[in-house]
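Step one of this worksheet: look at the structure below.
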Amino acid sequence: MNTRRIIKTRRAMTAVAITTGLVLMVASCGGGEDNKPKSEGGNSSSKPAKDSGDDENKDDPQAPTTAKVLAEVRGDDGVSLTVTSADRDEGGFLTVSGQIKNGGGKFWIADNWRGDEQELRKNGASLAGAALVDQEGKKKYLVLRDTEGRCLCTKFDGGGVAAGQSADWYVQFPSPPAETTKVDFQVGAMPPAPIEISEGE
């Protein structure tokens, strides 16, 4: 499935939602629990397609690709979250994607990844509670959602990740100003992941 096409299709539905309420002024963006929304996470169903830069891999969608790691953080439960891209596009969106891996010994459910907003709870196990924090500009950017509250992010099948398994994920945000090139990605109780924004398509 071409998830980039799905994302572009759903962007039209977010026009009302992104105009207000998704960019917050914060008095302190210290990266602690106070600044982090919460949500559930688990097995990933999809992520935006990325070109590997290898002509052979472009012809073979099953061919493995090597992604650049922008940041990696680890939780207390053996789960690690890797960010591999943070692309800003001309439409005013910022797509962050990566991989989550369960290095623990049991099935993992991110019960503290659920967003605090009542509107986002209907997304179930997902990255709906993720946020970007601009430390310098003192702003927090929340996940984009459509007019029915459905997040533009990966929703996890099965509600978790089995021990030793990994899953790909993506989240879309309103894009920070062009002069903002570094932000912190936050979700649940995971430590903040400092990432650098690149200019996408």
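The values are calculated or read from the model by the stated rules, or taken from the named source; none is laboratory data. Since this is a predicted model, take the numbers as computed values, not measurements. Cβ placement follows ideal geometry from the backbone for every residue including glycine, while neighbour counts extend to all protein chains displayed. These accessible areas exclude ligands, DNA and RNA; they are computed on the full protein's heavy atoms, side chains included. Shrake-Rupley method; radii C 1.70, N 1.55, O 1.52, S 1.80 Å.
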Pairwise over distinct Cα atoms, reciprocal of the mean inverse distance: report the Kirkwood radius of segment 132-175 in Å, one decimal place.
12.7
Regarding segment 121-200, what are the three Cα extents along the principal axes, ordered largest first, in Å?
39, 34, 25
Please compute the modelled spin-label separation between residue 199 and residue 77, points set 7 Å along Cα→Cβ, answer in nm with one decimal.
4.0
Could you pull the Rg and Dmax for segment 61-201, using just the Cα atoms, both in Å?
14.7, 43
Residue separation times 0.36 nm, minus the C-alpha to C-alpha distance between residue 147 and residue 106: what's the value?
11.1 nm
State the percentage of accessible surface on segment 66-201 attributable to carbon and sulfur atoms; use a 1.4 Å probe and exclude ligands, DNA and RNA.
45
In segment 101-201, lysine pairs closer than 18 Å at Cα, eight or more apart or cross-chain
5
